[in-house]
Every structure is written in structure tokens, then in C-alpha cells.
Amino acid sequence: MSKSLIIKNPLVFMNEAYFKKKVLIDDFESGEAKIIYVYDIPSEIIITFPENNLCSEFIKKYNDNFFEEEFNYKLQIEEFNSTFEKEQEKLTKNLPEKTPFFYHYEYEKIILNDYENSNQKSGLIYHDEEKKKIISEGIKYLIKKFGQNLIQGKNVLNISLPVFLFDKRTLQEVFCYELRAAPYYLTHAYYCTDKMERLKWITVLLISICHVSCFQTKPFNPIIGETFQCKIGSLSLYTEQTVNHPCTANFYGVDDEKRFKIYGHIIADASIGLNSVSAQKLGKFYIEFKDGQKYRIRTPPATIEGYTMGERLYNYVDRTVIEDLSNNYVVFIVFNPDKAGFLKSLFSTSQNSLPDTIRGYVYKKDDVEISEKDNNHEVKKNATSFLEIEGGWSRNINFDGDEYWDIEDNKLLNMYPVGYSLPSDGRKRLDYIEFAKDNVEKAQVEKEKLEVLQRNDRKLRKEWMEKNKK
């Protein structure tokens, strides 16, 4: 017969609210059961510990301050330990199978399935006719509701959009999804003793992010305080929405062995043009290794053309940089460097290279003028380069002629939910849940309810700030 820790009159040592929660601690890497079940029983509490050390730590933690002297906890520990191995085996067998996040679409194959690369165009040609139709209807809906002049130049994330336009993921969930290759490439980077070699793998990570980011639907906008947690390989990721306007989320990710961590904040920006949308993740994204080496990466802006007329095209534009903050190097990359200017495009329908082409070099930081306001980073004249970079963000990337990344062999790891996700987790929103079931009308109703709450919260925050002005 299995043994558990039985505590009489639990309210003597534990807050009543505690009994309303189930605390789960899942170790998805090892597959071992690390779970604490707390059951709401009026007269007593039964706590089942899958590991005896957890039991001992719990008793040690609460004994001095909360347990009555007559409670013979030592006897309970001995009884529990005697059946520990059987309990561990039983709990492990009864645990649900580890299941990664399931999505209605294979986003990792979006380039291979939905896009065509041609030097006849300024971007990759999008071929998903069903999604193109939905998005075009959404733009027409906005123009009808607000007028063309009113929506042009506006941030898409600040406009209330119908649910049928949405992706079945939240913005925080998308950000984490884009990091599915991070544990693999950052582990490679960690074991590099050569600073240039480490820079290569961090650049590979940036390109791997680009290639899974080119979806055309809008994610659910998080609410202030909304969170998302997940596990990707050895990386535990935590995000929280901290600002509504502009849409900002803070994030922290740490490797199980503390070899590296990522942290910072991401500001999502997307503006509507006459026939296009421009989007970019701003903010600060840091990578720090156990040896103290620190880097900052910036993702390039993306443009989607042909929303209301013409072919639908997607591409990354302008320039981006990766800063080696410890060794004072900068990776400088230009996207679609051979793009024809306006006048040339009037007389020619092709360019010398494919539109996904990237080209760049590594320079000393003093030789690069980095712009914090936009992507107009500039390399100074007569700057010395240390490494040549070329390839295509949807195909491959080479350093001095050696290939380091290929889309056919992209190391995307599964993304798993965590058992102890907070009540504020975005996947627990009712509009998100209903839309995942394809209940579009119900999802729209729940979304509008949340928007009413958001507006009221915003009003209360504004009143508080005005009241507490110094």
C-alpha cells in the first residue's frame, strides 16, 4: 500500500488559498516525475512526493514555523521512504506522455510549402491562396471601417482586428517558437574557443529565426501581465507582456546547465501601407555565455507587399547587425543587396541575385556606425573586414565559403508546454481557446470582452498616474 504525507488541520501552517492550486514541476529533459499534488481536503491534507528529498525539504522548510509539536513527521518520512521506489515507478507510469505543442500548420515548412524564390521579384512569392484571400478581406474590412487615409501608417497591433485574421498563436508564443533552434546553435557557440567561430553560430541563429518568421497571419495581442512559458531542448523560456502601447514583452531564457542565457525585451511594430505591411521586432535581445561573453542581436525588418492588389511578396529588407559586446566586433548584414531602385525597376523586371540574398562582413565595432533609431547602420570608409558572409535567408548561409546552415537541415527542436504554467498564460484566454477549436464567432465575442476589460484597466491606470503625480 502506498504511503503519503498526511497532515491534520493543515490551516495551522498553510494559507487557505494554497489548497486551491495544483503545483506541478515537470522535468521534460530527463523525463522524471517531479510533481507535487495538493488536494483540497477540509480536515486534512495529503501530499504525495515522488522524490524523498522533496519530502524532506518540505518538512524541513515548514517544521520550525508551522508544525505543531505533536505531529510526528519523522515517522511519516520513514513510512514514505520505505515505499519510495514503488511510488516513483507508479507515478512515472501514470504520467501523461510528453507531448510538444501541436499546431494546425507546420510553420517550420512554410518556406518550402508556400513560397517561391525568383529573381524576377523583389521578394519571395506567396502561394497560399486561402490565407491570401482571408488577409485581403481583412484589409478591405479595415478600409471600410476606418477609411484608407486613417489606417495608412498606423501600427497594426494598435488596431482592433477581427479574429478571422488571426494566427492561432499569441505574440509571445510566436516569439518563443522562432527560437526553436536556439539551444542547438547556442550550445555550439558555447563550446567555441575562437571568437569568430562563436560569432558564426550566433549569426546562424539569427538566420534560423528569420526563416520561421515569415507567416502572414496576425498573432493574438497579449494583455498586460499575460505570460507564456515553454521548454525547448535545454532552454527554459519565460515571457511577460509589460507594455501595451507599444506592444512590449520582456523575456528570459536559461540553459539547464547554465551554459548560456538570453534576456531582454521585444517591441513588436507593424505598420500598414497602401498595399503593404512593414513589421519589425525592436527592443534589446541579449545572449550571455557562462564565460561572461555577451552579444546583442537585432532582427531585420520585414515587408509584405500585395495585400490588396498584385502578387503577394515577402522579404527582409535593409540592414541588421550583431554586436560582440565583449570583443568589440560587429556582424554587418545587408538583405537583398542587389535590389533594383525605383527607376531601374521601370525598365527591368529582374535583378542579379535572388531576393532572399544576404551579404555581409565582420568588422571592428569602431568601424560601424550603429543606429538605435532605425536600420541605417553604416560601415566607415576603409574599414577592415575579418569574415565574409553570403547566402540566402531562406536557403543557406556561408562564412568565407564554408556552409554552416541549410534550410533542409535546420535544427529546430520541439517546443513543450510546462506543467506549472501560470494562470496568466496566454493559452488560457477564452478567445484563444475558442479560436483553436475553430469557433470563430465565440472567439470574437470573448476577444471583445477582453478588450472592454483592457480599456477599463487603461482608464484606471491613467487615473492612478494623474492622482499620484508629484
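Taking the conditions exactly as written (of a type outside the set (Phe, Trp, Tyr), touching a helix residue (DSSP H, G or I) at 6+ places or on another chain (Cβ under 8 Å), within 30 Å of LEU460 (Cα to Cα) and in contact (Cβ under 8 Å) with a residue 40 or more places away in the chain), does ARG169 satisfy them or not?
yes
Confirm whether GLN293 is of a type in the set (S, T, N, Q) and within 17 Å of the chain's Cα centre (by Cα).
Spelling it out, it is not the case that GLN293 is of a type in the set (S, T, N, Q) and within 17 Å of the chain's Cα centre (by Cα).
Can you say whether ALA249 is in contact with a His (Cβ under 7 Å, 6 or more places away or on another chain), over 29 Å from THR308 (Cα atoms) and assigned by TED's automatic domain parsing to the domain that holds TYR420, as far as the supplied structure shows?
yes
When the residues of segment 328-353 are narrowed to those that are crowded, with 17+ Cβ neighbours inside 10 Å and at pLDDT 90 or above, which ends up farthest from ASN119 (Cα to Cα)?
TYR329
Which fully enclosed strands (runs of 3 or more DSSP E) of segment 384-470 have 2 or more residues being free of Cβ contacts under 8 Å to residues at least 12 places away in the same chain and either farther than 30 Å from ASN336 by Cα or of a type outside the set (D, E, K, R) (or both)?
It comes to 396-399.
A quick yes/no check of all residues on (1) at pLDDT below 90; (2) in contact with a strand residue (DSSP E or B) (Cβ under 7 Å, 6 or more places away or on another chain); (3) not assigned by TED's automatic domain parsing to the domain that holds VAL212:
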| position | (1), (2), (3) |
| --- | --- |
| GLU390 | no, yes, no |
| TRP393 | no, yes, no |
| TYR404 | no, yes, no |
| PRO417 | yes, yes, no |
| VAL445 | no, no, yes |
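Is it fair to say ILE135 is touching a strand residue (DSSP E or B) at 6+ places or on another chain (Cβ under 9 Å) and at pLDDT 80 or above?
In short, no.
Taking segment 365-380, which residues are surrounded by 11 or more Cβ atoms within 10 Å (Cβ to Cβ), out of contact with any Pro (no Cβ under 8 Å at 6 or more places or on another chain) and either among the small types (Gly, Ala, Ser) or in a loop (DSSP other than H, G, I, E, B) (or both)?
ILE370, SER371, ASP374, HIS377, LYS380
Tell me which residues, restricted to segment 201-247, are in a helix (DSSP H, G or I), under 25 Å from THR99 (Cα atoms) and hydroxyl-bearing (Ser, Thr, Tyr).
Of everything in segment 201-247, just one residue is in a helix (DSSP H, G or I), under 25 Å from THR99 (Cα atoms) and hydroxyl-bearing (Ser, Thr, Tyr), namely SER208.
Between residues in segment 278-303 that are not assigned by TED's automatic domain parsing to the domain that holds GLY253 and residues that are in a strand (DSSP E or B) and surrounded by fewer than 18 Cβ atoms within 10 Å (Cβ to Cβ), which pairs lie under 7 Å by C-beta distance while being six or more apart or on different chains?
As it stands, the answer is none, since no pair meets every condition given.
So how many residues does segment 103-129 have that are out of contact with any Asp or Glu (no Cβ under 8 Å at 6 or more places or on another chain), hydroxyl-bearing (Ser, Thr, Tyr) and not in a helix (DSSP H, G or I)?
Of the residues in segment 103-129, 4 are out of contact with any Asp or Glu (no Cβ under 8 Å at 6 or more places or on another chain), hydroxyl-bearing (Ser, Thr, Tyr) and not in a helix (DSSP H, G or I).
Under 7 Å between Cβ atoms, at least 6 apart or on separate chains: pull out the pairs that start in segment 199-219 with a residue that is farther than 22 Å from LEU186 by Cβ and end on any residue that is surrounded by 24 or more Cβ atoms within 10 Å (Cβ to Cβ) and among the polar types (S, T, N, Q).
PRO219/THR170
The values are calculated or read from the model by the stated rules, or taken from the named source; none is laboratory data. Computed from a prediction, not measured in an experiment: that's the story for all the values here. Because the Cβ atoms are built from the backbone with ideal geometry, glycine has one as well, and the counts that use them run over all protein chains shown.
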